[in-house]
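Below is one structure, written out as structure tokens, with a few remarks after it.
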Amino acid sequence: MKRLEALEVLARLTEQHPVVVTCAATSRELASVKDGDNHFYLLDSMGLVGSVATGLALSLDDRLPKVVGIEGDGSLLMNPNVLPTGGFLAPDNLLLVLLDNGVYGSTGALPTYSSRVDLERLAAAAGWTTRSVDTVEGLDAAYRELLDVKGPAFLYGRIEEGNAQGIAKLLIDPVSITGRFSRWLRDVHAVNEVTA
């Protein structure tokens with residue numbers, strides 16, 4: 001499964017969810033598939049998807065859709081503490097999707113440690129409910145299954161090495177990203193309060 005294929009599935013499945021997205025090629029490719037107001041791109045903030053997504057999940061009403069983090073192996077390995085932190089704090093409304101291609105795809109494809117560090121087992125040991133996939137069909141099914149999990153959920157997706165070609169740089173001003181994401185959250189929260 002290519003990253004772009006995985007992101008096409010995730011873009012469809014997360015339309016109603018707050019989505020925190022890792023930097024570089026992943027954020028650019030997701031934006032090329034669908035650039036939604038519900039996407040909070042962490043530009044130049046490698047390793048912080050788990051931190052931001054966990055904090056957001058803890059701050060939001062758990063009647064809202066789950067907070068979804070989309071992370072890469074290199075980025076997660078820069079801040080693996082997010083796994084024990086998320087497992088310890090255990091928000092019910094948190095789903096972290098890890099797309100592991102085994103390399104730092106945006107900086108010359110240097111290898112990460114994921115060939116020798118089992119990130120799914122690390123998440124499980126830290127208290128996350130985990131699933132592992134390597135196909136788009138498996139990704140779709142496991143994602144839907146993990147939506148029903150209480151407590152933090154971790155979806156490990158093995159993807160092919162390589163970035164999609166012809167993808168434009170993501171040149172949105174970070175302040176604008178924050179503003180539109182905050183407005184989207186307020187609108188969703190207001191609708192949820194009215195229907196609750």
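The values are calculated or read from the model by the stated rules, or taken from the named source; none is laboratory data. Remember, predicted model here, so these are calculated numbers, not experimental data. A quick note on method: Cβ atoms are made from the backbone with ideal geometry, for glycine too, and the neighbour counts reach across all protein chains shown.
Quick one: in region 91-140, of everything that is in contact (Cβ under 8 Å) with a residue 60 or more places away in the chain and of a type in the set (Gly, Ala, Ser), which residue is nearest to Cys23 (Cα to Cα)?
Ser106
Go through Glu160, Glu120 for me and flag whichever is in contact with a Ser or Thr (Cβ under 7 Å, 6 or more places away or on another chain) and among the acidic types (Asp, Glu).
Values: Glu160 fails: in contact with a Ser or Thr (Cβ under 7 Å, 6 or more places away or on another chain).
Checking each option against the conditions leaves just Glu120.
Out of Leu83, Leu96, I need the residue that is among the hydrophobic types (A, V, I, L, M, F, W, C), assigned to a strand (DSSP E or B) and buried (at least 18 other Cβ atoms within 10 Å of the Cβ). Which one? If you could, list the steps in order and put the result at the bottom.
Details: Leu83 fails: assigned to a strand (DSSP E or B).
Only one candidate qualifies: Leu96.
Can you tell me how many residues in region 28-73 are crowded, with 24+ Cβ neighbours inside 10 Å and among the polar types (S, T, N, Q)?
Summing the residues that are crowded, with 24+ Cβ neighbours inside 10 Å and among the polar types (S, T, N, Q) in region 28-73 gives 1.
Spot the failing condition for Thr178; the list is (1) farther than 18 Å from Thr14 by Cβ; (2) among the hydroxyl-bearing types (Ser, Thr, Tyr); (3) touching a Lys or Arg at 6+ places or on another chain (Cβ under 8 Å); (4) touching a residue at least 40 places away in the same chain (Cβ under 8 Å), and only one is missed.
(3)
Residues that are at pLDDT 95 or above and closer than 26 Å to His189 by Cβ, at least 1 per element: which helices (runs of 4 or more DSSP H) completely within region 1-79 meet that? Spell out how you get there, then give the answer.
Values: elements: 3-13, 25-33, 49-59, 73-78.
Passing ranges, in order: 3-13, 25-33, 49-59.
Picking from Ser114, Ser132, Ser106, which residue would you name as being touching an Asp or Glu at 6+ places or on another chain (Cβ under 7 Å), closer than 19 Å to Ile159 by Cβ and either of a type outside the set (Gly, Ala, Ser) or assigned to a loop (DSSP other than H, G, I, E, B) (or both)? Reasoning before the result, please.
Values: Ser132 fails: either of a type outside the set (Gly, Ala, Ser) or assigned to a loop (DSSP other than H, G, I, E, B) (or both); Ser106 fails: touching an Asp or Glu at 6+ places or on another chain (Cβ under 7 Å).
Within the list Ser114, Ser132, Ser106, the selection yields Ser114.
Of the conditions (1) closer than 17 Å to Gly86 by Cβ; (2) touching a Phe, Trp or Tyr at 6+ places or on another chain (Cβ under 7 Å), Tyr156 clears all except one; give me its number.
All conditions are met except number (2).
Here's a check for you: in region 124-153, which residue that is surrounded by fewer than 16 Cβ atoms within 10 Å (Cβ to Cβ) and basic (Lys, Arg) is nearest to Val82 (Cα to Cα)?
Lys150
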